[in-house]
Structures are given as structure tokens and as C-alpha cells.
Amino acid sequence: MTTQAEASKALSLAKSQAGDPGQNGNEMGGKFLTFYIGEEEYGLEILSVHEIIGIMDVTAVPRTPRHILGVINLRGKIIPILVLRLKFGLPSVDNTEETCIIVVQCSGVQMGIVVDKVSEVLDIPSEEIEDAPSFGESVNTDYILGIGKSDDNVKLLLDIDKIISSKDMELIEDIADDSLIKLKTEEAKTGLAQVDAESDSASETAEEKAEEAAETTEEPQESEEEVAAT
């Protein structure tokens, strides 16, 4: 099994070699980052994937659906986090060393999806991808881009833009905007506190230097008085 670091390296290499989106017309073939949710293996087009990161501390957001875990601060950028297994209606599980976050671009918004573990980057040609089967009107399969076949295994290839509902996207955008405002406010407060601390420190240093100068000036005067008395 590919490690997270190996998958990240393979992703970077594949993205550097990939062409522009849509260059293959309507063909579904291309490079996919594959990952696991439970025992099932899924895939995302690498052009929609930004990076793979380990699990971080997530700040919970009140009154959000269970599958929206909260937000993280990734190098100064607020990233909403969604747990894909909960979105798919699967039971929650404890995180492991293999649990990670795939940062993706979804409908113009950068967000992270939590997966059980990453697998590898695969090049799946169009002839090895079949349309998603129909399970009736009661089952929505619009988010399945196709069924990819590789090494006698089946991968469910996902359309990230269709996994997230419009309602979820509105909520995620609001969360990102509100969290960014809070982050900027906290950064401003921290900056003001640092300025005040530096100002206080400078004032204390100036006072100390003034006291030292005064003491230095008084010492010769005392010495002259002692000499005169002698």
C-alpha cells in the first residue's frame, strides 16, 4: 500500500505532467488519485486535487451537518473539512495513522475531504471506464463519474463537484468567509498586542538607560567631594 508521502509525491509528479482540463473533450480517461473509504476504493481526477495532508486539529462549527467537521487553518487559509464516509451515510470510525485530508477544488471553493487512506495515482484510459449503472430513481448516482477498472479491481470515480450539494456549498462558503473574518480579526488583535508589548519594552529600556546615566553622573560628584574633604 502506498504511503501518504509517496502518494503526495506521485500526485505532484502527475499534476506536473497533466494537460489542461478538458483537453480530451468528453473522454473520461486520465490520471486519478485513488483512496479508500472502508473497503471500497474511489478515485478523483488529479486536476481537482491540490494536495494531501495529514489529519490536523479541526475547529468545529456549530449548527452544521454531521458530515461537515469544521475548518482548519492551512498556512493562513481557512479550509472547510468534510468527512466523506459520513457524507456517504457510512458509520463514523476513529482516525488512524493512515487517515488523511485530500484538499480539493470544488465549485471554485477550496476544501478538504477526510478519507480513510490514500492509495495511489493511476492512469486509467477511457476504454477502461464504464458509465455508472442505474439503481433506479431512488438512488442518486450523479456524483459517480464512472466505474474504472484496473488490475482486475473496480474503482468508483467521483465527480467532486456533484458530491457536494448546492445547500452544502452555500454553507461551506459561509463557513469559510466567517472563519476568515475571525482569523483576520485575531491576527489584527495579536499584531496590536505585539506592538503594545514592544512599545512597553522600549519604554522600560529607555527608563533603565536613563537611570544608569544618572547613576554614572552622580558617581564622579561624590568622588570630588571626598577628595575636597581630604
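In order along the range 73-89, phi translates into HN-Hα couplings of 9, 9, 6, x, 10, 7, 10, x, 10, 10, 8, 5, 5, 6, 4, 7, x Hz, rounded to whole numbers, per the Karplus curve 6.51 cos²θ - 1.76 cosθ + 1.60 with θ = phi - 60° and x for Gly and Pro. Spin-label pair residue 95-residue 63: with each label point 7 Å from Cα along the Cα-Cβ axis, the two points sit 2.7 nm from one another. A Cβ-based charge dipole, computed about the Cα centre of the range 4-184 with Lys and Arg at +1 and Asp and Glu at -1, lands at about 880 debye. Rounded to 0.05, the FRET efficiency of the residue 131 and residue 36 pair, given R0 = 25 Å and the Cβ-Cβ distance, is 0.65.
Specify whether the C-alpha gyration tensor of the range 4-184 places it in the rounded, prolate or oblate class, a ≥ b ≥ c being the square roots of the eigenvalues: rounded for a/c under 1.5, otherwise prolate if a/b is larger than b/c and oblate if not. Please report the intermediate quantities before stating the final value.
Numbers: a/c = 1.59, a/b = 1.40, b/c = 1.14.
Because a/c hits 1.5 or more and a/b exceeds b/c, the range 4-184 counts as prolate.
Which of the chymotrypsin sites (Phe, Trp or Tyr not before Pro) found in the range 67-161 are loop residues per DSSP with 11 or fewer other Cβ atoms within 10 Å of their Cβ?
Details: sites: 88, 135, 143; in loops: 88, 135, 143.
Sparse-neighbourhood loop chymotrypsin sites (Phe, Trp or Tyr not before Pro): 135.
Inter-label distance, residue 3 to residue 166: 4.5 nm, where each label sits 7 Å from its Cα along the C-beta direction.
Farthest toward the positive end of the dipole of the range 4-184, out of 30, 124, 11, is the Cα of 11, where the dipole comes from beta carbon charges about the Cα centre.
Evaluate E = 1/(1 + (r/R0)^6) for residue 177 and residue 151, where r is the Cβ-Cβ distance and R0 equals 35 Å; express this FRET efficiency to the nearest 0.05.
Using R0 = 35 Å, I get an efficiency of 0.20.
Values quoted throughout were computed directly from the atomic coordinates according to the rules given, and no laboratory measurement underlies them. Values in this document were obtained by computation on a predicted structure and should not be read as measured data. All Cβ positions, glycine included, derive from the backbone under ideal geometry; neighbour counts span all protein chains shown.
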